[in-house]
Amino acid sequence: AQSVSQHNHHVILSEAASLELGCNYSYGGTVNLFWYVQYPGQHLQLLLKYFSGDPLVKGIKGFEAEFIKSKFSFNLRKPSVQWSDTAEYFCATDSWGKLQFGAGTQVVVTP
Amino acid sequence: DAGVIQSPRHEVTEMGQEVTLRCKPISGHNSLFWYRQTMMRGLELLIYFNNNVPIDDSGMPEDRFSAKMPNASFSTLKIQPSEPRDSAVYFCASSYTVTGELFFGEGSRLTVL
């Protein structure tokens, strides 16, 4: 079965700093990849997804992710974060119809 | 659309009691998922249904947990008897296809004393 690993459990950064969250998946075949965000006290929402095509995916709120097949990676990036980006971010991949989530990365943006 | 609707939002119960969590998926979605979120284990998939049929329940912790989907617009997750270690936020999610975007409900926060 596929698995997803996220490199960082906690990230603290200042407003306007750039953000990059690492995500690696285990399966070498065709994969569908997702990034979800969970704001404090809320449910998960989709940020972006990759099924095929352009490996650079644009999502909501200025986020993007790059699928690099050779590295089995799907890292999430944002050039300049805001305080409102404080949230937990989950990378996920589907495996036989099941969405497998990574452990999540808690991001705290300080004013 | 109102989105995925879960009830109750919060439940506090005593060990040994039966707990039933409810979920109404988005109309037209044919896949439904139950997840559990805890600090220790993160997000765990418990079970998912496709066209009301349970496809994979390998994530259900033990026999105390059961889930049903009697029709396309309703699902339940039952814990009987409940234990303190079952305390978690339980999320229901639905999607149009099995590999499509998941839409999550607000979650049911369960505390078992």
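The values are calculated or read from the model by the stated rules, or taken from the named source; none is laboratory data. Note that this is a predicted model, so its numbers are computed, not measured. Because the Cβ atoms are built from the backbone with ideal geometry, glycine has one as well, and the counts that use them run over all protein chains shown. Calculation scope for accessible area: heavy atoms of the full protein, side chains included, ligands and nucleic acids excluded. Shrake-Rupley method; radii C 1.70, N 1.55, O 1.52, S 1.80 Å.
Filtering the stretch B:91-103 down to residues that are open to solvent by 10 Å² or more (accessible area, probe 1.4 Å) and touching a residue at least 24 places away in the same chain (Cβ under 8 Å), which residue is nearest to the other protein chains (Cβ to nearest Cβ)?
Per the stated criteria, the residue is B:Val98.
Within 14 Å of chain B (Cβ to nearest Cβ), open to solvent by 40 Å² or more (accessible area, probe 1.4 Å) and more than 19 Å from B:Met39 (Cα to Cα) - does that describe any residue in the stretch A:57-74?
Checked against the condition, which is being within 14 Å of chain B (Cβ to nearest Cβ), open to solvent by 40 Å² or more (accessible area, probe 1.4 Å) and more than 19 Å from B:Met39 (Cα to Cα), the stretch A:57-74 yields at least one hit.
For the stretch B:12-26, check the following and say yes or no: at least one residue is within 10 Å of the chain's Cα centre (by Cα) and closer than 15 Å to A:Gln100 by Cα.
No - not one qualifying residue is present in the stretch B:12-26.
If the requirement is being free of Cβ contacts under 8 Å to residues at least 24 places away in the same chain, open to solvent by 30 Å² or more (accessible area, probe 1.4 Å), out of contact with any Ser or Thr (no Cβ under 6 Å at 6 or more places or on another chain) and of a type in the set (Asp, Glu), which of these qualifies: B:Glu18, B:Glu11, B:Glu83, B:Glu44?
B:Glu44
B:Phe74: modelled with pLDDT of 95 or more and under 28 Å from A:Lys49 (Cβ atoms), yes or no?
Values: modelled with pLDDT of 95 or more: yes; under 28 Å from A:Lys49 (Cβ atoms): yes.
Against the criterion (modelled with pLDDT of 95 or more and under 28 Å from A:Lys49 (Cβ atoms)), B:Phe74 qualifies.
When only residues in the stretch A:37-53 that are among the aliphatic types (A, V, I, L, M) and at the interface with another protein chain (Cβ under 9 Å from one of its Cβ atoms) count, which is farthest from B:Gly105 (Cα to Cα)? Quick ask: steps written out before the conclusion?
Applying the first criterion (among the aliphatic types (A, V, I, L, M)) to the stretch A:37-53 yields A:37, A:44, A:46-48.
Checking which are at the interface with another protein chain (Cβ under 9 Å from one of its Cβ atoms) leaves us with A:44, A:46.
Working: A:Leu44: 8, A:Leu46: 13 Å.
Once the filter is applied, the top-ranked residue is A:Leu46.
Would you point out which residue out of B:Ala67, B:Ala88 is closer than 20 Å to A:Leu44 by Cα, in contact with a Leu (Cβ under 7 Å, 6 or more places away or on another chain) and open to solvent by less than 30 Å² (accessible area, probe 1.4 Å)?
Sole residue among the options that is closer than 20 Å to A:Leu44 by Cα, in contact with a Leu (Cβ under 7 Å, 6 or more places away or on another chain) and open to solvent by less than 30 Å² (accessible area, probe 1.4 Å): B:Ala88.
Can A:Asp85 be described as among the acidic types (Asp, Glu) and crowded, with 16+ Cβ neighbours inside 10 Å?
Answer is yes for this residue.
Could you grab me the full set of residues in the stretch A:28-54 that are open to solvent by 40 Å² or more (accessible area, probe 1.4 Å) and either over 15 Å from A:Val4 (Cβ atoms) or part of a strand (DSSP E or B) (or both)?
Across the stretch A:28-54, the qualifying residues are A:Thr30, A:Pro40, A:Gly41, A:Gln42, A:Gln45, A:Lys49, A:Phe51, A:Ser52, A:Gly53, A:Asp54.
Sort out which residues of the stretch B:56-79 are farther than 21 Å from B:Gly107 by Cβ and touching a residue at least 12 places away in the same chain (Cβ under 8 Å), and write them in order of number.
B:Pro70, B:Asn71, B:Ala72
Among the residues of the stretch A:61-73, what is the count of those that are modelled with pLDDT under 95 and outside any helix (DSSP H, G or I)?
So the count comes out to 4.
Kindly establish whether B:Thr111 is in a strand (DSSP E or B) and either surrounded by fewer than 17 Cβ atoms within 10 Å (Cβ to Cβ) or more than 12 Å from chain A (Cβ to nearest Cβ) (or both).
yes
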